[in-house]
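Following: one structure in structure tokens, then a few remarks.
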Amino acid sequence: MAAIDRNAIDQLFLNARSYNHYTDTPVAEADLHAIWELAKMGPTSANQLPARLVWCTSQDAKDKLAACASDTNADKIRKAPVAVIVAMDHEFHELLPELFPHTDAKSWFTGNAELRAASAFRNSTLQGAYLIMAARALGFDMGPMSGFDAGAVDKAFFSDRPAVKTNFISTLGHGDPSTLHERLPRPSFDRFNSIA
């Protein structure tokens with residue numbers, strides 16, 4: 001596999017930023033489908049794909065999500081073109097006969113809620129990262145965040161699906177570069193890495 005070119009690396013990593021404020025450029029439903037079509041291709045353990053996404057595009061949905069967030073984040077959510085809830089299905093194993101059909105992977109998780117919770121969290125977090133990179137690849141920006149009441153989000157959006165729990169939330173749109181601060185530090189290899 002060949003390396004991607006420098007422009008692509010810049011767009012995905014070096015020039016990409018997390019945004020809190022966006023331009024008025026709309027995000028179409030077709031754009032959300034295109035982002036998912038890329039993000040779903042990222043690897044998860046045994047192709048679990050536990051992430052469940054709720055794209056809040058209406059003002060009512062964004063207001064409902066904002067009500068579950070801190071004051072600062074609530075304002076970001078309300079004003080963004082789109083907000084997305086990255087949640088995780090703790091019963092992902094029920095779909096493994098379809099998603100990972102060449103072995104009985106479902107049996108690995110049946111009766112083990114602790115293992116399912118750990119695996120759902122790990123793999124939905126990976127999927128959330130793929131989502132960010134897919135959005136960047138297609139020319140969008142995201143602003144992932146904590147600072148919300150996950151239980152309140154679950155109650156507001158997943159009351160009919162108790163096995164689905166919120167992981168994190170993010171805004172999405174075309175970022176307004178005039179609102180950015182300087183990039184925060186990214187330490188060198190030697191500081192945060194070791195080779196064994």
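The values are calculated or read from the model by the stated rules, or taken from the named source; none is laboratory data. Keep in mind that what you see is a predicted model, and the values were worked out from it rather than measured. Virtual Cβ from ideal backbone geometry, glycine too; neighbours counted across all protein chains shown.
Here are some notes:
- Criterion applied to E182, E114 was being out of contact with any strand residue (DSSP E or B) (no Cβ under 8 Å at 6 or more places or on another chain), surrounded by fewer than 13 Cβ atoms within 10 Å (Cβ to Cβ), acidic (D, E) and within 20 Å of K76 (Cβ to Cβ), and the one residue passing it is E182.
- Flag for S124 being of a type in the set (G, A, S), crowded, with 20+ Cβ neighbours inside 10 Å, assigned to a helix (DSSP H, G or I) and out of contact with any strand residue (DSSP E or B) (no Cβ under 6 Å at 6 or more places or on another chain): no
- Screening the range 67-77 for residues that are within 17 Å of the chain's Cα centre (by Cα) and in a helix (DSSP H, G or I) and picking the one that is nearest to E29 (Cα to Cα) gives I77.
Listed here are the residues, each with its yes/no results for (1) acidic (D, E); (2) under 30 Å from T23 (Cβ atoms); (3) in contact with an Asp or Glu (Cβ under 8 Å, 6 or more places away or on another chain).
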residue: N112; (1), (2), (3): no, no, no
residue: A118; (1), (2), (3): no, no, no
residue: G128; (1), (2), (3): no, yes, no
residue: D160; (1), (2), (3): yes, no, no
residue: A163; (1), (2), (3): no, no, yes
residue: I195; (1), (2), (3): no, no, no
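- Across the range 1-27, the qualifying residues are those that are outside any loop (DSSP other than H, G, I, E, B), touching a residue at least 24 places away in the same chain (Cβ under 8 Å) and polar (S, T, N, Q), and the one among them that is farthest from A134 (Cα to Cα) is S18.
- M133 meets each of the listed conditions (1) farther than 30 Å from D10 by Cα; (2) in a helix (DSSP H, G or I) apart from (1).
- Residue match in the range 48-55 (condition: in a helix (DSSP H, G or I) and either at pLDDT 95 or above or within 23 Å of H174 (Cβ to Cβ) (or both)): no
- Just one of the listed residues (I77, I35) is surrounded by 20 or more Cβ atoms within 10 Å (Cβ to Cβ), in contact (Cβ under 8 Å) with a residue 40 or more places away in the chain, more than 18 Å from A134 (Cα to Cα) and hydrophobic (A, V, I, L, M, F, W, C), and it is I77.
- Boolean, A156 is under 29 Å from S58 (Cα atoms), touching a strand residue (DSSP E or B) at 6+ places or on another chain (Cβ under 9 Å) and modelled with pLDDT of 95 or more: no
- Every pair of residues 6+ apart whose Cβ atoms lie under 6 Å, when the first sits in the range 138-162 and is more than 30 Å from A8 (Cβ to Cβ) while the second is among the basic types (K, R) and not in a helix (DSSP H, G or I): D154/K165
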